[in-house]
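Comments concern the structure below.
The values are calculated or read from the model by the stated rules, or taken from the named source; none is laboratory data. Remember, predicted model here, so these are calculated numbers, not experimental data. Cβ placement follows ideal geometry from the backbone for every residue including glycine, while neighbour counts extend to all protein chains displayed. Areas reflect the complete protein model, heavy atoms only, side chains present, ligands, DNA and RNA absent. Shrake-Rupley method; radii C 1.70, N 1.55, O 1.52, S 1.80 Å.
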Amino acid sequence: MTIIRQDDFIASVADALQYISYYHPPDFIKALTAAYEREKSPAARDAMAQILVNSRMCAEGRRPICQDTGMVVAFVKIGMNVRWDADMGIAEMVNEGVREAYRNSDNPLRASMVSDPAGARRNTGDNSPAITHMEVVPGDHVEVTVAAKGGGSENKAVFTTLNPSDDLVEWVLKAVPKMGAGWCPPGMLGIGIGGSAEKAMLLAKESLMGEIDIHELKERGPSNRVEELRIAIHDRVNALGIGAQGLGGLTTVLDVKINDFPCHAASLPVAMIPNCAATRHIHFTLDGSGPATLPAVDLADWPDVHLDPPETARRVDLDTLTRGQVAEWRAGERLLLNGTLLTGRDAAHKRISDMLGRGEPLPDGLDFTGKLIYYVGPVDAVRDEAVGPAGPTTATRMDRFTDLMLSRTGLLGMIGKAERGPEAVAAIKAHEAVSLVGVGGAAYLVSKAITSARVVAFGDLGMEAIHEFQVKDMPVTVAVDSTGQSIHATGPDLWRIG
């Protein structure tokens with residue numbers, strides 16, 4: 001009878017979470033490289049290049065692929081013949097592995113989990129608890145799959161109950177554009193069909209743990225209805241022209257994974273969950289011989305991609321920036337930012353809104369006049385870093401604060417990822433401001449453009465505190481210009497097929 005020791009289980013979970021924080025799965029690198037080589041859209045191709053370069057840098061430097069190091073999801077299959085040498089429960093052991101991984105001093109990972117979710121929303125400090133799913137199965141070993149799921153992609157999860165006669169593919173084609181680009185394409189779509197509401201969502205999430213193999217499937221041809229659906233959805237979603245980061249291009253999804261389950265004759269439950277360009281998951285087995293051994297990594301799996309700023313990129317001095325200069329920028333234009341940049345995201349915007357609503361001044365030393373704000377919650381720095389991985393968070397979540405910030409603080413513009421909603425676009429146009437985007441999934445690469453960082457306000461908010469960055473040649477693209485033109489509208493229109 002196999003005996004699994006508590007320390008081996010915890011160490012394996014911790015090692016796996018560290019591993020996936022800086023190593024993309026090889027199948028993802030292979031698929032993204034192929035998409036990069038096929039891509040015709042300059043903006044999408046550049047975004048993919050940044051993701052690939054960032055991925056290799058993270059593999060070499062063992063630092064997080066994305067600043068959002070995710071909420072942990074664990075699927076644990078426990079053999080019926082296994083015995084435990086443990087005084088913790090399974091979920092407790094997973095949580096302890098999370099704590100060890102996220103507090104690792106060599107590669108600290110950002111703690112993003114908050115408790116009292118409908119109230120105070122206090123950060124738990126160690127990214128626990130994990131979302132743990134358990135199943136008892138025949139056998140004498142324990143199989144574990146762990147994933148780190150970012151908030152930007154998780155927020156785009158959707159569920160519906162279709163009529164049995166409804167067209168599932170058409171539902172997907174209507175749902176995907178509504179997801180916007182906040183899930184950081186190119187990535188994967190996980191779809192769960194059948195069961196019940198909760199079962200369909202679980203099927204969709206678990207499907208994302210599978211290997212990218214759509215091109216192999218196409219070569220051999222489908223053998224059942226699920227495989228036919230995978231091919232149809234893959235091809236028709238890519239024909240929408242959404243492209244990498246929503247900028248317009250040939251590849252929006254690298255694969256579509258589907259799990260199904262029998263369901264009631266009166267219904268067709270369907271769930272869809274996207275996985276972002278920072279897809280992170282790994283499977284390991286414990287057989288009683290000690291902690292799991294994770295696969296060796298070969299840097300030859302990464303392509304030889306180099307980033308060279310286009311000759312047309314405009315260098316911007318943030319310390320002398322004027323509204324007149326901002327008015328010259330056009331949607332789709334590439335910029336290289338230099339100088340002082342302030343940061344702030346959800347919690348900071350809410351606090352600023354509350355303070356201004358009460359007629360209170362902003363904290364001493366916090367002045368947005370003539371500045372840009374970067375929507376980011378960075379990872380803690382280690383060694384000689386000015387800041388840890390610091391990629392953009394989804395700009396859409398700050399739409400409700402955009403008019404307030406532009407009208408009351410002297411702010412000239414914002415930097416995030418993904419599209420802006422109609423409310424924010426109207427405010428940007430009215431105030432002759434600008435919204436810029438960085439590449440989601442290139443956080444370590446972006447951090448190398450940050451030469452210094454310090455907290456200037458709301459230090460109690462942890463990673464959501466307001467920082468002052470000094471940046472050098474930080475690459476961004478104009479998403480919404482001062483006339484209200486949006487690249488996230490014009491880009492997909494240009495590359496849509498049919």
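Sequence-distant contacts, meaning Cα pairs under 8 Å at least 6 residues apart, place the relative contact order of the stretch 310-495 at 30 percent. With r defined as the distance between the Cβ atoms of MET1 and HIS264 and R0 fixed at 41 Å, what FRET efficiency is calculated, to the nearest 0.05? The value I calculate is 0.55.
Given a Förster distance of 25 Å, report the FRET efficiency between ARG408 and THR490 from their Cβ-Cβ distance, rounded to the nearest 0.05. Let's see the in-between values first.
Values: r = 30 Å, r/R0 = 1.21.
The computed FRET efficiency comes out at 0.25.
For the chain, the longest principal axis of the C-alpha atoms and the axis of helix 225-238 are separated by about 10°.
The trypsin sites (Lys or Arg not before Pro) of the stretch 372-456 that meet both conditions, a loop assignment by DSSP and at most 15 other Cβ atoms within 10 Å of the site Cβ, are ARG383.
For GLU92 and SER165, FRET efficiency with R0 = 41 Å and r from the beta-carbon atoms, rounded to 0.05? Using R0 = 41 Å, I get an efficiency of 0.35. The modelled label-to-label distance between THR293 and ARG454, using points 7 Å beyond Cα along the C-beta direction, is 5.0 nm.
Our note on the geometry: Cα centres of the stretch 302-365 and the stretch 89-134, 31 Å apart. For ILE3, tell me the accessible area in Å² from a 1.4 Å probe, rounded to the nearest 10. Rounded to the nearest 10, that gives 80 Å². Partners of LYS448 within straight-line reach, counting lysines whose Cα lies under 16 Å from its Cα and excluding those fewer than 8 residues away in the same chain: LYS472. The magnitude of the dipole of the chain, with charges of +1 and -1 set on the Cβ of Lys/Arg and Asp/Glu and taken from the Cα centre, is near 1160 debye.
Which value, in debye to the nearest 20, gives the size of the charge dipole of the stretch 310-495 about its Cα centre, when Lys and Arg are +1 and Asp and Glu are -1 at the Cβ?
Roughly 120 debye, rounded to the nearest 20.
When nucleic acids and ligands are ignored and a 1.4 Å probe is applied, ASP85 ends up with an accessible area of around 90 Å².
Axis of helix 42-61 versus longest Cα principal axis of the chain: the two differ by about 60°, to the nearest ten degrees. Can you give me the Cα centroid spacing of the stretch 193-217 and the stretch 459-498 in angstrom? Distance between centres, Cα-based: 31 Å.
Of THR369, THR132, THR490, the residue with the largest accessible area leads and the full order is THR369, THR490, THR132 (1.4 Å probe). Out of the total accessible area of the stretch 151-277 (probe 1.4 Å, heavy atoms of protein only), what percent is carbon and sulfur? Solvent-exposed carbon and sulfur of the stretch 151-277 make up 52 percent of the total. Taking all protein chains together, LYS30, LYS77 sort by accessible area into LYS30, LYS77, largest first [probe 1.4 Å].
When you filter the trypsin sites (Lys or Arg not before Pro) in the stretch 149-204 for DSSP loop state and at most 15 other Cβ atoms inside 10 Å of their Cβ, nothing is left.
Taking all protein chains together and rolling a 1.4 Å probe, SER112 ends up with roughly 40 Å² accessible. Here the label points at ARG38 and ASN104, each 7 Å from Cα along the C-beta direction, are separated by 3.3 nm in the simple model. Please work out whether the stretch 298-421 counts as rounded, prolate or oblate from its C-alpha gyration tensor, where a ≥ b ≥ c are the square roots of the eigenvalues and a/c under 1.5 means rounded, while otherwise a/b larger than b/c means prolate and anything else oblate? Here the stretch 298-421 falls in the prolate category.
Determine, for each peptide in 474-483, 34-43, the mean count of other beta carbons within 10 angstrom over its residues, then list the peptides with the highest first. Each step should come with its number before you reach the end.
Details: 474-483: 23.7, 34-43: 17.2.
Packing order, densest peptide first, comes out as 474-483, 34-43.
Given a 1.4 angstrom probe, what's the average accessible area per residue across the stretch 151-277, in square angstrom?
On the way: 4780 Å² over 127 residues.
With all protein chains present, the stretch 151-277 gives 38 Å² per residue.
Given only helices, namely DSSP H runs of n ≥ 4 each adding -39500 (n - 2.57), what is the per-residue ellipticity at 222 nm of the chain, to the nearest 500 deg cm²/dmol? Mind showing how you got there, number by number?
On the way: 15 runs with 159 residues, N = 498.
Result for the chain, helices only: -9500 deg cm²/dmol.
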